[in-house]
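Novice: Pasting in a structure now, in structure tokens, and then I'll have a few things to ask.
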Amino acid sequence: MRHLLSAADLSPAQAVHVLDTAAQMAATQAREIKKLPTLRGRTVVNLFFEDSTRTRISFETAAKRLSADVINFSAKGSSVSKGESLKDTALTLQAMGADAVVIRHQASGAPHTLAHAGWTSGAVVNAGDGMHQHPTQALLDAYTLRRHLVGDRGTTDTTGRDLAGLHVAIVGDVLHSRVARSNVQLLRTLGARVTLVAPPTLLPVGVHTWPATVSYDLDDALATRPDAVMMLRVQRERMSSAGGGFFPSPLEYTRGYGLDARRLATLPDHAVVLHPGPMNRGLEISADAADSPRAVIVEQVANGVAVRMAVLYLLLAGDGTRTTRTTDETKVPA
Amino acid sequence: MSTGTPAPASGGAPAGGTGTTVLGADDVGRALTRIAHEVVERNKGVADVVLLGIPTRGLPLARRLAQRLAQVEGVAERDLVGSLDVTMHRDDLAHHPTRTIGETYVPGDGVDGKVVVLVDDVLYSGRTIRAALDAISDLGRPRAVQLAVLVDRGHRELPIRADYVGKNLPTATAERVRVLLAETDGEDRVVIEGGAR
């Protein structure tokens, strides 16, 4: 793995390996001393062209827990507001010796361009690009689902296990959601079954080609007893005017597609509720649902740090390009 | 202290595969039994002893030592043994393909005030043990740390010495020492491969 640009790039074995590594990283975060020396001397640049709280803080925490140096860059207050291009920004970062660039950009494909244009030699991690991909979010969702739903709900070791047989409903603004796109691909890779639930106006053209079934009715979808419900944020900033014509009114959206106490009660006992955050309380999810014991939304944030530690470790720790030493060769597992 | 006998070893019968077998299954068992008794003798019992095996092959060795200690001292085996992954503390991460991280598990209520006995299969450069010492300091502050290895093959690159040695095995750097264990490889055997022996 050289870069992490899309959830679709991960093979089943790679995806499970990331989750297993994340589990070991999570175990280190329960210790008194949470910091590990693993990436000492490496530099990670957080290149954020779009607003973000949890993803940026999560990557920053992950990099710092692994002892990497972190440089935070946000477009606001930088030379980008003076008109600097992505290329020149990337060349600047390269000159400063960035070993990894974590990029969030409003344009789909910006991380791919950064990784393949030769502007930077570091590893590129996609932290969300436009309406395209958000692979670390999908990985942390998969990790959260595995912890709760695989192996007798956390009582047995889940190392090496995928999500085979699970049924996940992804509900809401699929059209604008990179989280949904990444999750559909990754959950499929890991063997889970996905149902997308949204009004027709919030489903993208060509959704029938995705490896998922589509439903327009949330109550029908919940009646099929999914193991997990993933609520998506209604991305009003990507809709032109109030509602943007995607749905008649917020109240009507809530009636049709909001998760409230009544719908929560129809779920199977073991089912969990996920939300990538930030939540619009009262729109796609009611306070009852968001604060219920089934909601694992706060845990998703904690798992995000472990998953991002795992991704940074797997991308940065080993380096096949340097000369291999033979010392301790007897210890290298075959 | 170490009472490991110097090589050349018993049972130099050619192995099924390549290389020379320097320790057979019985030799491995006897070495572990002796180390177990040395641990008990040196620490005057096992009251505060925690065995931490370094994955991959240090872990089954630590479990076997714990079995023997449990028999000798009559304590519960699972309170004695844990595992310590040192991958994230290694100084050679950048020189190898990415390593898989193993599990770290400490029995009971941690290592604070305990005597930690690190257990590994082969002691060579000493770098794994240096990493392990760093890893332990992240877990807590043990009263003492001791080191038990099945094979000490020499060529230290750091000032590190084992307290308990199954066998001292002078080797050339071109040679390769492989420890095979029933838990991971289906049989107990120590083999030297390569080099002009």
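Novice: Can we say residue B:170 is away from chain A (no Cβ under 13 Å), more than 21 Å from residue B:36 (Cα to Cα) and either in contact (Cβ under 8 Å) with a residue 60 or more places away in the chain or assigned to a strand (DSSP E or B) (or both)?
Specialist: yes
Novice: When the residues of the range B:101-136 are narrowed to those that are more than 20 Å from residue B:160 (Cα to Cα) and of a type in the set (A, V, I, L, M, F, W, C), which ends up most open to solvent (accessible area, probe 1.4 Å)?
Specialist: Step by step, filter the range B:101-136, then rank; the result is B:106.
Novice: In a helix (DSSP H, G or I), open to solvent by less than 10 Å² (accessible area, probe 1.4 Å) and away from every other protein chain (no Cβ under 14 Å): does that describe residue B:69?
Specialist: The answer is yes for residue B:69.
Novice: Being farther than 23 Å from residue B:89 by Cα, open to solvent by 50 Å² or more (accessible area, probe 1.4 Å), in contact (Cβ under 8 Å) with a residue 12 or more places away in the chain and not in a loop (DSSP other than H, G, I, E, B): is that true of residue B:187 here?
Specialist: No, not satisfied.
Novice: If you don't mind, another one. Residue under question is residue B:150, and the condition is that it be more than 11 Å from chain A (Cβ to nearest Cβ), within 23 Å of residue B:85 (Cβ to Cβ), within 13 Å of the chain's Cα centre (by Cα) and free of Cβ contacts under 8 Å to residues at least 12 places away in the same chain; does it hold?
Specialist: Against the criterion (more than 11 Å from chain A (Cβ to nearest Cβ), within 23 Å of residue B:85 (Cβ to Cβ), within 13 Å of the chain's Cα centre (by Cα) and free of Cβ contacts under 8 Å to residues at least 12 places away in the same chain), residue B:150 does not qualify.
Table: residues versus (1) free of Cβ contacts under 8 Å to residues at least 12 places away in the same chain; (2) within 14 Å of chain B (Cβ to nearest Cβ); (3) outside any helix (DSSP H, G or I).
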{"position": "A:124", "(1), (2), (3)": "no, no, yes"}
{"position": "A:142", "(1), (2), (3)": "no, no, no"}
{"position": "A:148", "(1), (2), (3)": "no, no, no"}
{"position": "A:159", "(1), (2), (3)": "no, yes, yes"}
{"position": "A:168", "(1), (2), (3)": "no, no, yes"}
{"position": "A:188", "(1), (2), (3)": "no, no, no"}
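Novice: The conditions are (1) away from chain A (no Cβ under 12 Å); (2) surrounded by fewer than 22 Cβ atoms within 10 Å (Cβ to Cβ); (3) under 30 Å from residue A:311 (Cα atoms), and residue B:76 fails exactly one of them. Which is it?
Specialist: (3)
Novice: Could you look through the range B:88-100, keep only residues that are in contact (Cβ under 8 Å) with a residue 40 or more places away in the chain and either open to solvent by less than 10 Å² (accessible area, probe 1.4 Å) or part of a helix (DSSP H, G or I) (or both), and pick out the one that is farthest from the other protein chains (Cβ to nearest Cβ)?
Specialist: B:89
Novice: Report those strands (runs of 3 or more DSSP E) wholly inside the range A:1-117 carrying at least 2 residues which are open to solvent by 20 Å² or more (accessible area, probe 1.4 Å), more than 13 Å from every other protein chain (Cβ to nearest Cβ) and modelled with pLDDT of 90 or more.
Specialist: Answer list for the range A:1-117: A:69-74.
Novice: Among the numbered criteria (1) surrounded by fewer than 22 Cβ atoms within 10 Å (Cβ to Cβ); (2) in contact with a helix residue (DSSP H, G or I) (Cβ under 8 Å, 6 or more places away or on another chain); (3) not hydrophobic (A, V, I, L, M, F, W, C), which one does residue A:120 miss?
Specialist: Every condition holds for residue A:120 apart from (1).
Novice: State the number of residues belonging to the range B:101-133 that are at the interface with another protein chain (Cβ under 7 Å from one of its Cβ atoms) and touching a His at 6+ places or on another chain (Cβ under 9 Å).
Specialist: Total satisfying the criteria: 2.
Novice: Let me confirm something: among A:195, A:189, which residue is in contact with a Pro (Cβ under 8 Å, 6 or more places away or on another chain), closer than 22 Å to residue A:264 by Cα, open to solvent by 10 Å² or more (accessible area, probe 1.4 Å) and assigned by TED's automatic domain parsing to the domain that holds residue A:237?
Specialist: A:195
Novice: If you scan the range A:266-276, which residues turn out to be surrounded by fewer than 19 Cβ atoms within 10 Å (Cβ to Cβ) and either more than 13 Å from residue A:228 (Cα to Cα) or touching a helix residue (DSSP H, G or I) at 6+ places or on another chain (Cβ under 8 Å) (or both)?
Specialist: A:266, A:270
Novice: Among the residues that make up the range B:174-183, is at least one of them part of a loop (DSSP other than H, G, I, E, B), in contact with a strand residue (DSSP E or B) (Cβ under 7 Å, 6 or more places away or on another chain) and surrounded by 14 or more Cβ atoms within 10 Å (Cβ to Cβ)?
Specialist: Yes, some residue in the range B:174-183 is part of a loop (DSSP other than H, G, I, E, B), in contact with a strand residue (DSSP E or B) (Cβ under 7 Å, 6 or more places away or on another chain) and surrounded by 14 or more Cβ atoms within 10 Å (Cβ to Cβ).
Novice: Checking the structure you have, find out if any residue of the range A:161-172 is over 18 Å from the mean Cα position of the chain (by Cα) and open to solvent by less than 50 Å² (accessible area, probe 1.4 Å).
Specialist: Scanning the range A:161-172, I find at least one residue that is over 18 Å from the mean Cα position of the chain (by Cα) and open to solvent by less than 50 Å² (accessible area, probe 1.4 Å), so the answer is yes.
Condition check ((1) modelled with pLDDT of 50 or more; (2) out of contact with any helix residue (DSSP H, G or I) (no Cβ under 6 Å at 6 or more places or on another chain); (3) open to solvent by 10 Å² or more (accessible area, probe 1.4 Å); (4) within 12 Å of chain B (Cβ to nearest Cβ)) across all residues:
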{"site": "A:293", "(1), (2), (3), (4)": "yes, yes, yes, no"}
{"site": "A:297", "(1), (2), (3), (4)": "yes, yes, yes, no"}
{"site": "A:306", "(1), (2), (3), (4)": "yes, no, no, yes"}
{"site": "A:315", "(1), (2), (3), (4)": "yes, yes, yes, yes"}
{"site": "A:318", "(1), (2), (3), (4)": "yes, yes, yes, yes"}
{"site": "A:323", "(1), (2), (3), (4)": "no, yes, yes, yes"}
{"site": "A:327", "(1), (2), (3), (4)": "no, yes, yes, yes"}
{"site": "A:330", "(1), (2), (3), (4)": "no, yes, yes, yes"}
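Novice: Tell me whether the range A:129-144 contains one or more residues that are acidic (Asp, Glu) and not assigned by TED's automatic domain parsing to the domain that holds residue A:189.
Specialist: The answer is yes; a qualifying residue exists.
The values are calculated or read from the model by the stated rules, or taken from the named source; none is laboratory data. Owing to the predicted nature of the structure, the values given are computational and were not obtained by experimental measurement. Note: ideal-geometry Cβ built from the backbone for every residue, glycine included; neighbour counts use all protein chains shown. Accessible surface is based on the protein model in full, side chains and every heavy atom, while ligands, DNA and RNA are left aside. Shrake-Rupley method; radii C 1.70, N 1.55, O 1.52, S 1.80 Å.
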